[in-house]
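Down below is the structure, laid out as C-alpha cells.
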Amino acid sequence: MTTATHRYDAVVARYFEAWNADGAAARAKAVADVWAADGRYTDPLSDALGHEAITAVIAATREQFPGFVFRLVGNVDGHHDTARFSWELVNRADGSAPVAGSDVITLDAEDRVRAVYGFLDRVPEGA
C-alpha cells in the first residue's frame, strides 16, 4: 500500500466513523474530526454546509434507518486531493443492504473533507 493510498483509506475510515457514530455528542465529534469547518455534504436528497448541518443530515439518516451501519464496498481510489469509494447501508440484524451509493470527496491540506458529492445507486421505494 502506498502512502497516498493509506491517506485516502484513513480519511474514508474516519468518514464512516462519523456516519456510524452513536449518539449526538459522538456524532458531532466525529464530524468535526473528519470535515473541514466549512465542509459540504451533498447528495440527491441533501445539501449541507458546515459541521452542524452535516451532523443533522447524518442524524436524520440514522433515524430513518435504525439498526443500520454504513460500510465500505471495494477499495478507495484517489489521486491529488480527491478520492472515490462505494458504500452500503447494512442492517445489523440480517445483513441486508437496501441502500448503496458512491461518494467522491475532496480534501484540504490537513486531509479533512472539504466536499462530498454523493450518488445513490440503490434506494428502496418509499425511502
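The values are calculated or read from the model by the stated rules, or taken from the named source; none is laboratory data. All of these numbers come straight from a predicted model, not from anything done at the bench. Cβ placement follows ideal geometry from the backbone for every residue including glycine, while neighbour counts extend to all protein chains displayed. The area values use the complete protein model at the heavy-atom level, side chains included, leaving out ligands, DNA and RNA. Shrake-Rupley method; radii C 1.70, N 1.55, O 1.52, S 1.80 Å.
Ligands, DNA and RNA left out, the accessible area of segment 85-127 computed with a 1.4 Å probe is 50% carbon and sulfur. Remark: spin-label model distance LEU45-PHE119 equals 1.8 nm, labels positioned 7 Å along the Cα→Cβ axis.
Over segment 1-66, Cα pairs under 8 Å with separation of 6+ residues give a relative contact order of 23 percent.
Protection proxy ranking for 92-99, 46-53, 8-15, 119-126, using the average of other Cβ atoms within 10 Å per residue and placing the highest first: 8-15, 46-53, 92-99, 119-126.
Out of these labelled values of Cα Rg over 2.2 N^0.38 Å, [x] 1.27; [y] 1.00; [z] 1.07, which was calculated from the coordinates shown here? Of the listed options [x] 1.27; [y] 1.00; [z] 1.07, [y] comes from this structure. If R0 is 30 Å, the Cβ-Cβ spacing of SER102 and ASP38 corresponds to a FRET efficiency of close to 0.80. Rolling a 1.4 angstrom probe over the protein heavy atoms with all chains in place gives the chain an accessible area of 54 Å² per residue.
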